[in-house]
Protein chains: 2
Amino acid sequence: MTRTSKAETKGRKLSNFLCFAVYSANLAFGRAYKPILDAVGLTYTQYIAMVALSEEDEQTVSALGEKLFLESNTLTPILKKLEQSGYLSRTRDPADERQVRVSLTPAGRRLLDKDINVSLVEATGLGDEFPVVQKTVARLRDNLLRNTRADPKKG
Amino acid sequence: MTRTSKAETKGRKLSNFLCFAVYSANLAFGRAYKPILDAVGLTYTQYIAMVALSEEDEQTVSALGEKLFLESNTLTPILKKLEQSGYLSRTRDPADERQVRVSLTPAGRRLLDKDINVSLVEATGLGDEFPVVQKTVARLRDNLLRNTRADPKKG
DNA sequence: CACGATTAGATCGGATACGATCTATATTCA
DNA sequence: TGAATATAGATCGTATCCGATCTAATCGTG
């Protein structure tokens, strides 16, 4: 008696999908940031990459990729674009020519000093919940990555 | 005395960005779904679109877009692809030739009946928190969209 | 030292997102 | 009625993401 063909009775509605909540929240963030980032001529991903770079100089592409959960296939074009814009430098590491060291230029740091993001915290409408939501979503991400990556070779 | 140039003292670290938590959680979901969706030959977005279609037949592209927070520029190519795969039908509405009505085919419904998503709930590692996180992220998205869209013409 | 294996980036093709623009159909109202 | 306007999709260009593959540099071992 539990078998039906109606979507609702099986609970298969978009609102029931956590993945959709995250997917659409990400789209919403992109749109919220857009007018602000357009003003400084950066895209969402470019901005995130620069924030990651502001944490440390001379990072390799891989190290940066670990922070951003991206790989060279995605990062290389973005970094080249930011280099052309004069916001960062890319140089082969003399000690290991395979590696590329990436650092923000003074122009890049000046751009970040505008504290672009501050005005966005308000738009989340989360108030005091903000840090809790942030930690929860980060935990969700880490669980997903842990439970997915390195598929069960040992079980 | 509050002005410094160190990233850390200004709290400008990736882990402090809610937008990054959401961005990376979305990437993580995409990767978690990938092996499961690869098996049935769908992409993440195609799957989401089909779930939205399973809620109601004969939806217009715009109506579908409202649910998915996407517009025809993104949806049209995806719907055409799913049509070619035989999972849905697209027909101009005879009453208004501007509109395109989209419905799942029996093959499309059979695909969804496999309840692909069930196995993913577990991978979130959220346990009882699952529904709460889902609602919180959805609220975040709605706040962002409300506070961003239709920029302040009225003040 | 030499040669196979490994590693770090880069390149390429397919699939989203999205702004801007285009086309076809409907609607409005003088 | 018919020209101006509005609306629904579709198309195009740019920027991500990602799997697969390629190249160059390094390492490991005999």
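Taking segment B:90-148 as the region of interest, the helices (runs of 4 or more DSSP H) fully inside it that hold 1 or more residues being farther than 25 Å from B:Ala25 by Cβ are B:106-112. Restricting to segment B:53-87, count the residues that are away from DNA strand D (no atom under 11 Å from the Cβ), without any contact (Cβ under 8 Å) to a residue 24 or more places away in the chain and more than 14 Å from chain A (Cβ to nearest Cβ). Residues that pass the stated criteria total 2. Every test in (1) under 23 Å from A:Asn16 (Cα atoms); (2) open to solvent by 70 Å² or more (accessible area, probe 1.4 Å); (3) within 16 Å of DNA strand C (Cβ to nearest atom) is passed by B:Arg92 save one, and that test is (1). Within the option set A:Leu120, A:Leu104, A:Leu112, being more than 8 Å from every other protein chain (Cβ to nearest Cβ) and touching a helix residue (DSSP H, G or I) at 6+ places or on another chain (Cβ under 7 Å) holds for one residue only, A:Leu104. Filtering segment B:28-55 to residues that are open to solvent by 10 Å² or more (accessible area, probe 1.4 Å), within 12 Å of the chain's Cα centre (by Cα) and of a type outside the set (Phe, Trp, Tyr) leaves B:Gly30, B:Thr43, B:Thr45, B:Gln46. For segment A:105-133, the candidate set comprises residues that are in contact with a Leu (Cβ under 8 Å, 6 or more places away or on another chain) and open to solvent by 20 Å² or more (accessible area, probe 1.4 Å); within that set, the residue that is modelled with the lowest pLDDT is A:Val121.
A:Ser85 falls short on exactly one of the conditions (1) more than 10 Å from DNA strand C (Cβ to nearest atom); (2) buried (at least 17 other Cβ atoms within 10 Å of the Cβ), and that condition is (2).
Restricting attention to segment A:64-73, the residues being exposed (fewer than 15 other Cβ atoms within 10 Å of the Cβ) and either in contact with a Ser or Thr (Cβ under 6 Å, 6 or more places away or on another chain) or assigned to a helix (DSSP H, G or I) (or both) number 3.
The values are calculated or read from the model by the stated rules, or taken from the named source; none is laboratory data. Computed from a prediction, not measured in an experiment: that's the story for all the values here. So basically every Cβ, Gly included, is an ideal-geometry build from the backbone, and we count neighbours across all protein chains shown. The area values use the complete protein model at the heavy-atom level, side chains included, leaving out ligands, DNA and RNA. Shrake-Rupley method; radii C 1.70, N 1.55, O 1.52, S 1.80 Å.
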